[in-house]
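Right, one structure below, let's go through it.
The values are calculated or read from the model by the stated rules, or taken from the named source; none is laboratory data. If you're wondering where the values come from, they're calculated on a predicted model, not measured in any experiment. A quick note on method: Cβ atoms are made from the backbone with ideal geometry, for glycine too, and the neighbour counts reach across all protein chains shown. What goes into the accessible areas is simple: the full protein's heavy atoms, side chains included, and nothing from ligands, DNA or RNA. Shrake-Rupley method; radii C 1.70, N 1.55, O 1.52, S 1.80 Å.
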Amino acid sequence: MKCSNTEQNIKTLMPKRNYALTLQELPAIFIRLPKTKAKRVILSFKDETGKYYQRSFLPITEHGIVSFKLLQNKPALNIGKNYQWSLVVICGNTVQPDDPTFQGWVQRVEKTPLIDMELAGMSAVVKA
């Protein structure tokens, strides 16, 4: 997906099953964002019933592998709940039906000693 025919595709960096776990109160969504005319995105999280939990308009300040997350003044995601996130790259001045849109699911989990041990043996690998 891209804003124009002259731009490279925008891609999310998510597990293949499009579902992730997080320890973060306000998780970041990572995308590979090539140089684009877009100036901002909309990041939203809905609960399992489809009710909006939070939504933020965020500026695009860099290109490459970038992350977007809700503003710090937003309430934390609840531990053990599933949330559907959506990221819309706004190509023009307003949101349009053909703007690149990405979705996935995330669940916030509680940090435990077992998770600490599992994470100690892993390294972060990002493939664009």
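Scanning the stretch 19-29 for residues that are in a strand (DSSP E or B) and surrounded by fewer than 18 Cβ atoms within 10 Å (Cβ to Cβ) gives Tyr19, Ala20, Leu21, Thr22. Restricting attention to the stretch 51-83, which residues are outside any loop (DSSP other than H, G, I, E, B) and not aliphatic (A, V, I, L, M)? Matches in the stretch 51-83: Tyr52, Tyr53, Gln54, Arg55, Ser56, Phe57, Pro59, Gly64, Ser67, Phe68, Asn82, Tyr83. Of all the criteria given as (1) aliphatic (A, V, I, L, M); (2) assigned to a loop (DSSP other than H, G, I, E, B); (3) free of Cβ contacts under 8 Å to residues at least 60 places away in the same chain, the one not satisfied by Met14 is (3).
The residues of the stretch 1-24 that are of a type in the set (A, V, I, L, M) and closer than 30 Å to Lys111 by Cα, listed by number, are Leu13, Met14, Ala20, Leu21, Leu23.
For the stretch 77-94, the candidate set comprises residues that are open to solvent by less than 30 Å² (accessible area, probe 1.4 Å) and hydrophobic (A, V, I, L, M, F, W, C); within that set, the residue that is farthest from Lys37 (Cα to Cα) is Leu77.
Criterion applied to Pro113, Pro97, Pro59 was being open to solvent by 50 Å² or more (accessible area, probe 1.4 Å), at pLDDT 90 or above and out of contact with any strand residue (DSSP E or B) (no Cβ under 8 Å at 6 or more places or on another chain), and the one residue passing it is Pro97. Based on this model, can you work out whether Thr36 counts as exposed (fewer than 12 other Cβ atoms within 10 Å of the Cβ), in a loop (DSSP other than H, G, I, E, B) and not basic (Lys, Arg)? For Thr36, the condition - exposed (fewer than 12 other Cβ atoms within 10 Å of the Cβ), in a loop (DSSP other than H, G, I, E, B) and not basic (Lys, Arg) - is not met. Screening Gln96, Gln72 for residues that are under 27 Å from Ile115 (Cα atoms) and not small (Gly, Ala, Ser) leaves exactly one candidate, Gln72.
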